[in-house]
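Notes follow the structure.
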Amino acid sequence: MSIRLLIADDHAVVRSGLAMLLEAQPDMSVVDTAADGREAVEKAVRLKPDVVLMDLSMPPGENGLTATARLKELVPEINILVLTMHDDEEYLFRVLKAGASGYILKSAPDVDLLTAIRTVHKGSAYLYPSATRSLIQEFLRRAEDGEEKDSLRLLTDREQEILSLIALGYSNKEIAEQLVVSVKTIETHKAHIMEKLQLKTRPELVRYAMKKGLLDFA
């Protein structure tokens, strides 16, 4: 019996390319595609695919992390394999907490993607090798870390909101569009956030947001 797949990605070309690759496999069939997380959840609930290939960042629609968490609440038995460009442990932990069965980079060879699909379909977890290393490194780092001073109170509600969106992978322009403000305003808020938290890079902002639970799902 074929593995029934739903592809969720905001790029039509990516959806088409993945569909062609998967349909060419004797044990796979694509039941539908979706352009953002909200559409992916709706179609997955209705079509009950065996595996959902979920893009992590799908602006301006609902992102893959939120969609994964919602879908696992609605259909706990569904298998979700996250596709992403982000090779960062912060995203890996968010993906796992959301309930995904696997995590693979978009840059991975086709053979690895096919292996990942078959692995999660069997009920096992799949992590790309670099993600496995990140998982181990982060576990060791957390074990060594002591209690961190609660600096979250230094940020305003709007700054916390912007920090969350940055950590989810949205660009300054995309955040500005969502909040209906100028890009310059977002850049100013970002500078204030980094100054208050004494952080210098985007990965540091992402790690901070994760540790403070700013990406926790309702």
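List of remarks:
- Relative contact order of region 3-141: 20 percent, from C-alpha pairs under 8 Å at least 6 residues apart in sequence.
- For Asn79, the residues 5 or more places off, or on other chains, whose built amide H falls under 5 Å of its own are Val52.
- Region 62-128 - percent relative contact order, Cα under 8 Å, separation 6 or more: 33
- Taking trypsin sites (Lys or Arg not before Pro) as exposed when DSSP calls them loop and at most 13 other C-beta atoms lie within 10 angstrom, the chain has its longest site-free stretch at 1-121.
- Theoretical gain in end-to-end length, His192 to Ser151 [0.36 nm per residue, Cα-Cα removed]: 13.4 nm
- Rough spin-label spacing in nm, given labels placed 7 Å along Cα→Cβ, for Ser16 and Lys200: 4.5
- Among the listed pairs Lys106/Lys212; Lys72/Lys212; Lys48/Lys72; Lys97/Lys212; Lys72/Lys211; Lys97/Lys211, a Cα-Cα separation exceeding 18 Å is found for Lys106/Lys212; Lys72/Lys212; Lys72/Lys211.
- Computed label-point distance, nm, for sites Val181 and Val75 using a 7 Å Cα→Cβ extension: 3.8
- Exposed GluC sites (Glu not before Pro) absent - longest run of the chain, DSSP non-H/G/I/E/B, at most 11 other C-beta within 10 Å: 1-76
Any read-out appearing in this document is the output of simple, stated calculations on the displayed coordinates, not a laboratory observation. What you see is a predicted model, and the numbers here were worked out from it, not measured in a lab. Note that each Cβ is placed from the backbone with ideal geometry, even for glycine, and that neighbours are counted across all protein chains shown.
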